[in-house]
Amino acid sequence: MKKTVLFLFALMLSFGASAQCVNLVTALPDPDVGVAPDLGDFQGWSVNAALMEELAEAKFLVIQTEGVGNNADGFGGMKFAFQGGDPYSGWTDIGLNGDWLTFPRADGKIVNIALNIANLMGDKYAAFLELTDWAQVMIGYWPGGGMTTIQGLGITKAFLTGDIAKPAGAVDLNSNYGFVFEGAMDFCLTPSLDLVFDFNAETIGTTFPIMHGWGWPDAKSVAVVAADPLRSGNSLNVTPGNYDGAVYFEVALPDGLTVADIKGIKADFYFADGTERNGTVEGFIAPLDAVIGSGTNFNTYPVWLKTSDKDGSMIQVSAAGEWFTVEITRDQIEDEGFNIGRRATGDKGISVDFAAIDDATEFMFGLGLSIGGEAANVYFMDNITFVFDGFNAIPQVKLVTAAPAFGIAGNIVVNADAASIFDFSGRLVAKAVNGLNPIAPGLYIVKVGAQTVKVVVK
Ligand SMILES: [Ca+2]
């Protein structure tokens with residue numbers, strides 16, 4: 001059985017702007033507020049609970065623009081708007097630069113607008129961080145010519161970052177709100193991006209295949225998703241019927257990442273008897289069409305791993321009464337002293353060859369502990385993680401996204417033949433028609449067919 005696993009990712013990395021390295025808290029997703037075509041007065045992001053934590057951690061919201069946008073000489077009046085802490089009604093907008101800020105823009109030229117979040121929100125900052133609903137941050141811009149805010153500013157990406165020292169050549173925004181500076185953001189790539197497979201979304205009882213290397217036959221080895229014995233969620237319960245067993249998966253990396261970006265591999269291990277042990281970790285990275293199955297030597301694949309199996313030089317693979325994380329770097333996999341798989345076959349001439357598979361975005365991946373088939377050797381494996389040494393999967397901002405309904409000044413715009421507008425008490429306020437529906441400022445729930453949309457009318 002092959003089972004494709006798309007590794008979910010959580011990211012933690014940093015980038016360098018000019019000479020300085022700045023901590024990156026997160027790259028924002030595509031804007032989801034006010035992004036319908038031909039609007040654009042205010043466009044931005046909903047701040048869900050996870051993003052709120054990152055926003056609280058961050059110091060700057062950096063809007064990255066590229067190209068001329070609506071004016072090669074600079075930026076017209078920009079505003080920053082946010083839900084200001086008075087649930088459902090407390091909108092605040094802040095003028096960022098008066099009516100004009102001179103900063104030459106050109107095709108291919110990147111200009112960043114760095115906004116100091118706490119300074120912008122002022123005495124409403126703390127209340128904003130407590131919001132559990134309707135938290136949004138938006139940029140206001142009026143480029144004319146039918147352009148949206150995103151188009152007029154030329155926004156391509158947005159980031160939440162730690163502190164940024166004002167770079168040379170930067171131009172201040174109003175007050176202490178931040179500054180505008182030029183330059184591509186080159187990521188420092190440390191400590192990088194982790195992709196984690198935690199089995200929590202897998203159904204208990206789901207079975208993953210095991211193969212045994214170096215000539216060992218299968219002996220009723222079993223790897224099955226089971227409740228985590230110590231924590232919440234699920235993990236993989238491995239009953240090794242023989243030595244040199246690796247559970248294997250078909251892995252598909254997110255767009256923009258290949259095997260070449262993998263800096264290391266981590267996984268948590270726990271023995272069912274709760275003991276601390278030293279042992280041997282084995283695994284491989286192989287092409288999708290590789291021959292997989294017990295008896296095939298792992299070193300027939302481009303990338304294989306076998307840590308020492310000699311008493312006294314085995315590595316720790318479990319701890320007493322708790323999960324233990326084993327981390328193995330790409331450098332260790334390539335180190336002939338650490339990775340001794342060739343000795344297991346007596347073949348001294350086989351080297352790990354990352355280059356043969358570095359371009360792959362999908363591959364077969366095996367990992368396990370080499371241990372005999374005694375009943376005491378049942379172990380659990382969880383949080384299989386690829387640690388990446390590069391980050392080039394930052395989402396690109398989409399220019400437009402058609403929403404079924406959205407708010408503009410004094411109106412709700414409906415992209416459907418009909419819709420129903422409700423207030424927050426669930427009372428029907430109006431039956432809406434396609435196009436403009438004049439309505440008092442406020443917050444509404446609009447039902448368009450089967451979809452329900454929260455709408456802000458300013
Ligand atoms: Ca888990």
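The values are calculated or read from the model by the stated rules, or taken from the named source; none is laboratory data. Owing to the predicted nature of the structure, the values given are computational and were not obtained by experimental measurement. Here the Cβ positions follow ideal geometry from the backbone for every residue, glycine too, while neighbour counts run over all protein chains shown.
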**Request:** Mind checking which strands (runs of 3 or more DSSP E) fall wholly inside the stretch 295-384 and carry at least 2 residues that are within 16 Å of the ligand (Cβ to nearest atom), crowded, with 16+ Cβ neighbours inside 10 Å and assigned by TED's automatic domain parsing to the domain that holds GLY241?
**Result:** 324-329
**Unique residue being more than 16 Å from the ligand (Cβ to nearest atom) and free of Cβ contacts under 8 Å to residues at least 60 places away in the same chain when the list is VAL222, VAL259** = VAL222
**Message:** So, ILE412, is that one part of a strand (DSSP E or B) and at pLDDT 85 or above or not?
**Reply:** no
**Only one of GLU282, GLU250, GLU276 that is within 25 Å of ASP358 (Cβ to Cβ), of a type in the set (D, E, K, R) and modelled with pLDDT of 90 or more** = GLU282
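Listed residues GLY140, GLY122, GLY169; which is surrounded by fewer than 16 Cβ atoms within 10 Å (Cβ to Cβ) and under 25 Å from PRO441 (Cα atoms)?
Values: GLY140 fails: surrounded by fewer than 16 Cβ atoms within 10 Å (Cβ to Cβ); GLY169 fails: under 25 Å from PRO441 (Cα atoms).
Unique residue meeting the criteria: GLY122.
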**Message:** Only one of TYR243, TYR270 is farther than 21 Å from VAL352 by Cα and within 16 Å of the ligand (Cβ to nearest atom). Can you tell me which?
**Reply:** TYR270
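Evaluate the following for ASN70: is it surrounded by 14 or more Cβ atoms within 10 Å (Cβ to Cβ) and in a loop (DSSP other than H, G, I, E, B)?
Judged against the criteria, ASN70 is a match.
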**Complete:** Counting only residues that are more than 14 Å from the ligand (Cβ to nearest atom), among the aromatic types (Phe, Trp, Tyr) and out of contact with any helix residue (DSSP H, G or I) (no Cβ under 9 Å at 6 or more places or on another chain), the stretch 195-219 contains a total of 1
